[in-house]
Amino acid sequence: MNFERVNTRQENFDARTRLAELEASGLYVFHGSPYKIETLEPRQAYNAPEPEGKAIPHGEPSVAASPYADVAIFRAIINGENIKMPHSSSFGADIDEENKKVSLHFEVSEDARPKIETAKGYVYVLARDKFKPFENEQGMEWRSAESAQPVEIIEVSGQDMPDKVDYLAN
């Protein structure tokens, strides 16, 4: 695999600043993962099951991404690879359509906090033109039925987490 497009944690490189610039361009969507991936392939998404319930397929197999880089950073860091289960996490948005402002919010279990400090992952920057907003997700999730080749891959760490994360009691 060729990972020349990975921006590593070099001195003077600020992953959040770079991702904010890319997000502001409006040309990209972002996918977060703890894994290095050369090409993102469509996968079946599932809704989180109720306790002791079965996972339910959520849409057709696709590559999922978000127009918000902070969502991808959160997903790159907060996952079962970096923070072993059980833990809980969620994210969402408050949308002020009148003023065209979006306020993202993130939550994770308090017991995950120490593990976040040493966690790392990757944000995949993907061309937005192959993606469409997914139904009933308030524009938070975009999907593509096609494989997606990143235009840039940016390594992130726990230090790059979004500013507003609420830590929930266990």
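One table, with the values for the structure above:
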item: Rounded Å value of the spacing that divides the Cα centres of region 61-78 and region 118-157; result: 6 Å
item: Farthest toward positive dipole pole in the chain [+1 Lys/Arg, -1 Asp/Glu at C-beta], among Val165, Thr17, Gly80; result: Gly80
item: P(r) histogram, all alpha-carbon pairs of region 77-170 included - 5 Å bins from 0, percent; result: 3, 11, 16, 19, 20, 18, 10, 3, 0
item: Gyration tensor over alpha-carbon atoms, the chain, equivalent ellipsoid semi-axes in Å; result: 22, 21, 18
item: Calculated FRET value between Asp94 and Glu21, using beta carbons and R₀ = 35 Å, to 0.05; result: 0.90
item: Total lysine pairs whose alpha carbons fall under 16 Å of each other in the chain (8 or more apart, or interchain); result: 4
item: Rule-of-thumb Rg ratio for region 116-170 [Cα; 2.2 N^0.38 Å; N residues]; result: 1.45
item: Within the chain: Cβ-based charge dipole about Cα centre, in debye rounded to nearest 20 (Lys, Arg +1; Asp, Glu -1); result: 400 debye
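Computed from the coordinates by the stated procedures, all read-outs in this text should not be read as laboratory data. Please read these numbers as outputs of a predicted model, since none were measured by experiment. FYI the Cβ positions are ideal-geometry reconstructions off the backbone, even for glycines, and counts take in every protein chain you see.
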